[in-house]
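Accompanying notes for the structure given below.
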Amino acid sequence: MKVFLDTNVWLSATVFAGLCAEILTESAQRNWLLTTRLVQVEAHEVLGRKFPHLPQSQAMFDAIWSEAACAPDVDEPADDNDVRLVRAAQEAGALVFVTGDRRVLGWGAQGDMQILSPRDAWMRLFVKSGVN
């Protein structure tokens, strides 16, 4: 199983306790995480700008991110990082793309890859499968 977490899910997981953190932890423990450098760049920018008082969040992000499989970035369209991330995930063989972005959730499945909210991803990956 390959699971790609959108930048906003990574950020929520590394700054706050909760469902996104559980998805990140469970996916990392199973070696399911797939990411790109774009996720790292976006996360570092937001963590530095919005959460400079939480250096442990950046350290946690870096530690977990470095263990994820890193897929090649997609360069186009240069003005839409959401499209780039979804395409990169799909091209790398992710079966699940997890995001809280309503716009991206509205795109529906992309080939074999499901685009799911954190709640739906949790249910699909860890509850319905009996892996809990």
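Laboratory data are not the source of any read-out in this text; all were calculated from the coordinates shown. Model, not experiment: these values are computed from the prediction. Don't worry about glycine lacking a Cβ; one is built from the backbone with ideal geometry, like all the others, and counts go over all protein chains shown.
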For region 3-127, share of DSSP beta bridges that run antiparallel, in % to the nearest 5: 10 percent
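If packing is taken as the mean number of other Cβ atoms within 10 Å per residue, what is the order of 58-69, 92-103, highest first?
By packing density, highest mean first, the sequence is 92-103, 58-69.
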5 Å-binned pair-distance histogram of region 62-131 (Cα, whole percent): 3, 16, 21, 25, 22, 9, 2, 1
Estimated [θ] at 222 nm from DSSP helical runs (n ≥ 4, -39500 (n - 2.57)) normalised by residues in the chain, nearest 500: -14000 deg cm²/dmol
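Please tell me the relative contact order of the chain in percent, rounded to the nearest whole number, where contacts are Cα pairs under 8 Å and at least six residues apart.
Values: 178 pairs, mean separation 38.5, N = 132.
The value is 29 percent.
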Amide H partners (placed H, <5 Å) of Q114, local residues excluded: V96, F97
Kirkwood estimate for the chain, i.e. one over the average of 1/r between Cα atoms, Å: 14.7 Å
